[in-house]
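One structure is given here, and the rest of the page talks about it.
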Amino acid sequence: MPSDTHVRVGLVGAGYISEFHARAIQRVSNARIVGIADVVHSRAAALAARFSIPKVFPTMEAMMDEGVDVIHVLTPPRTHAQLAIAGLKGGCHVLVEKPLAMNAEEVDRIAAAASAAQKSVCVNHSLLYDRFVSKALNIVRSGAIGEPLTFDYFRSSEYPPYSGGPLPIHYQDGGYPFLDQGVHALYLAESFLGAIEDAKAFYGTHGGDSNLQFDEWRVTAQCQRGSANIQISWNVRPLQNWFVVQGTKGVVRANLFAMWVTRTPQLPLPKAPARALQAVTEGLSICAQVPANVARFAAKKIVQYDGLHSLVAAFYSALQTGAPMPVSPEQARSTVYWTNRVSQQADVTKVKFQSQFPTMGTAKVLVTGANGLIGRHLVRRLLQEGNRVRLFVRRQPQAEWMNDANVEVFLGDLGDPAAVDRAVAGTEIVYHVGAAMKGGAHDYERGTVCGTQNVVDSVLRHNVQRLVHISSLSCLHAAAARRDDVITEDWPVEPFPAKRGAYTQAKTAAEKIVLDAVQDRHLRAVLLRPGRVFGSGMTLLTPEVARRMGNTFVVLGDGTRELPLVYVEDVIDAIVLAAETSEFDGSIFHIVDRTRIAQNQVVGDYISRNANKARVIHVPLAVVYTLALGVELLCKILKRPAPLSRYRLKSALARMRFDCSRAENDLGWRPRIGVASGLQETMAAERVNRSNNVLGRVQESCAAK
């Protein structure tokens with residue numbers, strides 16, 4: 001390509017990595033982005049607006065018809081080969097995101113198409129052009145550590161927040177995480193130790209990301225000149241990316257996130273002083289490199305995805321000068337082969353795992369959130385009453401249900417409309433218990449708000465006649481309550497849910513979705529707002545009661561605030577009665593035990609049964625509110641949302657008494673077990689669990705000896 005030619009560039013795909021390609025291209029003096037295509041027009045339009053890209057196209061072919069010289073293929077891996085070949089046949093040079101293709105055969109087809117079209121193909125193995133990787137490679141290739149023998153690589157990662165909607169690609173296949181991140185480790189291993197000859201993979205789950213089937217990966221690879229050990233985790237925090245190359249005369253360490261590279265040589269000294277000197281020398285080198293590189297990053301001399309920027313620059317330089325491509329299909333073939341071989345094992349494992357769960361069912365009763373406290377107890381009750389029950393859960397439930405002929409287990413996330421629709425289809429009653437109980441704002445948005453919308457839409461679509469929705473007392477305007485007020489179902493809803501935190505905000509929005517559908521779409525539903533639910537399998541000591549720090553229990557206030565408690569089995573009674581007797585006209589019922597019990601009594605009972613030597617500290621509310629004010633002011637200065645506020649405290653610490661006459665009169669509900677007996681059973685179960693845990697640790701210790 002002549003040096004004075006202005007290269008016209010088209011982007012295919014507007015996902016996460018696309019903006020970094022756009023930034024890299026804008027730094028190339030003789031290249032200009034003329035268009036972008038994506039199956040989601042709004043996503044492409046947003047990227048085009050950010051980077052002043054002239055035109056958004058419906059397809060890659062339409063973009064090529066208007067004239068482009070280079071195509072960047074930035075779509076999901078399964079589409080890489082098809083789009084790359086189409087781009088080559090259309091007369092374009094092509095740069096493809098990693099991995100180049102899904103298997104070696106597709107790589108060969110891409111190479112053949114490039115040869116036939118007399119066009120160039122490059123794959124984005126960006127870490128090879130990262131300045132810190134390049135430095136490490138130069139050290140090893142110079143012979144400074146002798147003969148390299150091992151390569152150890154670690155990367156912890158996270159995926160963008162999933163707030164609901166069609167399931168993102170990284171959650172769909174079992175092997176996608178390695179296909180996405182493991183490819184970097186494999187091509188680096190080959191760069192340091194030569195071609196991979198064999199690889200064995202081990203993968204499992206820790207559960208940090210509930211939608212990721214396999215979030216812990218270990219791969220051992222035998223290369224021509226040594227062995228590689230690869231670990232990739234979606235659970236380890238803080239995020240890390242480092243590798244170590246060990247040789248016969250020294251060791252190279254590189255930390256790509258902290259931006260440093262060190263070489264530790266073999267020293268002609270006795271072992272003890274040699275080790276001390278090596279540690280000091282390496283530490284001093286790190287202390288010198290990190291501040292300097294942070295300064296370079298601040299000055300934008302080092303940029304995010306620095307290796308990608310360098311590879312893109314090298315790609316366009318090669319097009320201009322006729323030099324070889326930075327990473328050709330032939331160079332990427334081995335990496336593609338081994339990446340596919342490892343990831344495909346996990347794909348097969350996930351398919352086998354999912355095959356034990358139905359995609360169509362015959363049970364007429366559905367319970368969402370069946371793995372939670374209320375959900376578990378509700379399922380047991382329904383089974384005891386002779387029902388066949390369909391469970392909708394994110395993780396495999398307890399073994400007894402997997403082997404119960406009256407239980408159908410549907411796996412999926414409430415945020416995924418397709419999964420919810422499969423679970424709802426064919427049912428006659430849906431108990432919507434599922435909701436997010438922890439996590440970030442996106443977890444509550446997905447699990448509670450989007451999840452409820454998906455349930456409501458599917459219930460209406462399949463003409464399900466009964467929906468029992470479990471809401472929360474947090475939807476009420478607690479800050480407006482005075483000491484003598486009695487709270488009924490007619491009490492105002494929280495007008496400022498955002499001030500109360502993600503849980504209240506999500507539950508309030510979910511309740512509104514149900515009530516709006518009752519009014520506007522003729523949804524047949526009943527809503528229950530349980531109080532503070534407790535029972536076996538759930539600790540009594542929530543922050544609402546007290547915080548335990550060692551043998552000290554910290555209570556906010558004087559401890560006389562009454563708690564709106566209700567035992568879980570009594571909640572189940574109310575749910576079942578609502579399903580049998582309610583008019584399903586959008587009625588709301590508060591479910592709170594009439595027994596009046598304060599924080600001090602719960603804490604005192606807990607201590608007497610579980611921690612006799614403990615002490616209780618009461619923090620005056622004036623101190624708590626002063627702390628909240630300080631947090632508010634600091635966050636205002638930092639321009640960040642405050643995790644603690646006076647309004648949130650006022651709502652959480654409100655003295656509220658509930659009148660549940662409506663549930664008693666309309667449903668016939670009264671606590672059957674009650675708070676006193678429930679507390680005894682809960683504390684006894686907690687004591688047994690603690691004893692079992694201690695016994696287990698003793699047995700493990702004895703086995704280890």
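Throughout, read-outs are computed from the coordinates displayed, never taken from laboratory work. Predicted, not measured: the structure shown is a model, and the values here were computed from it. When we count neighbours, we look across all protein chains shown, and the Cβ atoms used for this are built from the backbone with ideal geometry, even at glycine.
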Note, VAL28: beta-carbon cut-off 13 Å, +1 each Lys/Arg, -1 each Asp/Glu, net +3
Given the options SER42, LEU83, SER115, identify the residue whose Cα lies farthest towards the positive end of the charge dipole of the range 7-123 (+1 on Cβ of Lys, Arg; -1 on Cβ of Asp, Glu). SER42
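What does the C-alpha gyration tensor say about the overall shape of the range 202-242? Classify as rounded when a/c is under 1.5, otherwise prolate if a/b is larger than b/c, or oblate. Could you put the intermediate results ahead of the total?
On the way: a/c = 4.74, a/b = 1.88, b/c = 2.51.
Since a/c reaches 1.5 but b/c is at least a/b, the shape of the range 202-242 is classed as oblate.
Please find the FRET efficiency linking HIS618 to THR79, where r is the Cβ-Cβ separation and R0 is fixed at 41 Å, and quote it to the nearest 0.05. All intermediate terms of the calculation are to be shown ahead of the outcome.
Numbers: r = 62 Å, r/R0 = 1.51.
Step by step, r from the Cβ atoms, then E = 0.10.
Subtract the Cα-Cα distance of GLU158 and THR488 from 0.36 nm times their separation in residues, and report this length gain in nm to one decimal. Numbers along the way, then the final one.
Numbers: separation 330, 0.36 × 330 = 118.80 nm, distance 4.39 nm.
Here the segment from GLU158 to THR488 would lengthen by 114.4 nm.
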Rounded Å value of the spacing that divides the Cα centres of the range 91-105 and the range 397-442: 39 Å
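Please give the net charge around TRP234, taking every other residue with its beta carbon less than 9 angstrom from that of TRP234, where Lys and Arg add +1 and Asp and Glu add -1. Kindly include the intermediate steps, with their values, before the conclusion.
Details: positive: none; negative: GLU158, ASP209, ASP215, GLU216.
Around TRP234, the charge tally is -4.
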Highest mean packing first, using Cβ neighbours within 10 angstrom, the peptides 229-236, 90-97, 448-455 sort as 448-455, 90-97, 229-236
Please state the charge dipole magnitude for the chain, taken about the Cα centre, from unit charges on C-beta atoms (+1 on K and R, -1 on D and E), reported in debye and rounded to the nearest 20. 2280 debye
Positive-pole candidate from HIS432, TYR162, LEU186, dipole of the chain, charges at beta carbon: LEU186
With Cα coordinates, the longest principal axis of the chain makes an angle with the long axis of helix 41-50, in degrees rounded to 10, of 70 degrees
DSSP beta bridges in the chain, what fraction antiparallel, as a percent rounded to 5? 40 percent
With Rh as the Kirkwood radius over Cα pairs, the range 375-500 has Rg/Rh of 1.03
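By its C-alpha gyration tensor, with a ≥ b ≥ c as the square roots of the eigenvalues, how is the range 64-202 shaped: rounded for a/c under 1.5, else prolate for a/b larger than b/c, else oblate?
It is oblate, given that a/c is not under 1.5 and a/b is not larger than b/c.
Per DSSP H run of n ≥ 4, the term is -39500 (n - 2.57); total these for the chain, divide by its residue number, and report the mean residue ellipticity at 222 nm rounded to 500 deg cm²/dmol.
On the way: 21 runs with 282 residues, N = 705.
The per-residue figure over the chain is -13000 deg cm²/dmol.
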What is the packing order of peptides 546-553, 567-574, taking the mean over residues of other C-beta atoms within 10 Å and listing the highest first? 567-574, 546-553
Length gain on complete extension for the stretch VAL290 to SER134, per 0.36 nm per residue less the alpha carbon to alpha carbon distance? 54.5 nm
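If you take the square roots of the eigenvalues of the alpha-carbon gyration tensor of the range 16-75 and sort them as a ≥ b ≥ c, do you get rounded (a/c under 1.5), prolate (a/b over b/c) or oblate? Let's see the in-between values first.
Values: a/c = 1.59, a/b = 1.14, b/c = 1.40.
Oblate, because a/c is 1.5 or more while a/b does not exceed b/c.
Using a Förster distance of 35 Å, how high is the FRET efficiency between ARG461 and ARG237, based on the Cβ-Cβ distance and rounded to 0.05?
Numbers: r = 40 Å, r/R0 = 1.15.
With R0 = 35 Å, the Cβ-Cβ based efficiency is 0.30.
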Between the Cα axis of helix 502-521 and the main Cα principal axis of the chain, the angle (0 to 90°, nearest 10) is 70 degrees
Could you tell me which residue out of GLY668, MET549, PHE658 lies farthest along the dipole of the chain toward its positive end? Charges go on the beta carbon: Lys and Arg +1, Asp and Glu -1, centred on the Cα centre. MET549
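Excluding GLN356 itself, what net charge comes from residues whose Cβ is under 13 Å from its Cβ, given Lys and Arg +1 and Asp and Glu -1? The partial results should precede the final answer.
On the way: positive: LYS350, LYS352; negative: GLU408.
Combined, the nearby Lys, Arg, Asp and Glu give +1.
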Just to confirm the number: angle between the C-alpha axis of helix 568-581 and the first principal axis of the chain, 0 to 90 degrees, nearest 10? 80 degrees
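State the extension gain, in nm to one decimal, for the chain segment bounded by ARG655 and LEU541, taking 0.36 nm per residue of separation less the distance between their alpha-carbons.
39.2 nm
Given a cut-off of 21 Å, name the pairs among LYS98/LYS119; LYS135/LYS301; LYS249/LYS271 whose C-alpha atoms lie farther apart than that in the structure shown. Present the calculation step by step, with values, prior to reporting the outcome.
Values: LYS98/LYS119 19 Å; LYS135/LYS301 16 Å; LYS249/LYS271 14 Å.
Check vs 21 Å cut-off fails for no pair.
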Just how far, in whole angstrom, is the range 518-556 from the range 6-71 if you go by their alpha carbon centroids? 49 Å
Given a Förster distance of 35 angstrom, what is the FRET efficiency for ASP65 paired with ASP516, based on the Cβ-Cβ distance and rounded to 0.05? 0.15
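Order 130-136, 518-524 from most to least packed using the mean count of other Cβ atoms within 10 Å. It would help to have the intermediate numbers written out before the result.
Details: 130-136: 20.3, 518-524: 14.1.
Peptide ranking by packing, descending: 130-136, 518-524.
Using Cα-Cα distances under 8 Å and only pairs 6 or more residues apart, what relative contact order does the chain have, in percent?
Values: 1327 pairs, mean separation 69.6, N = 705.
Averaging sequence separation for qualifying contacts and normalising by length gives 10 percent for the chain.
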Rounded Å value of the spacing that divides the Cα centres of the range 459-517 and the range 129-190: 45 Å
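In square nanometres, what is the average projected area of the Cα convex hull of the chain?
37.5 nm²
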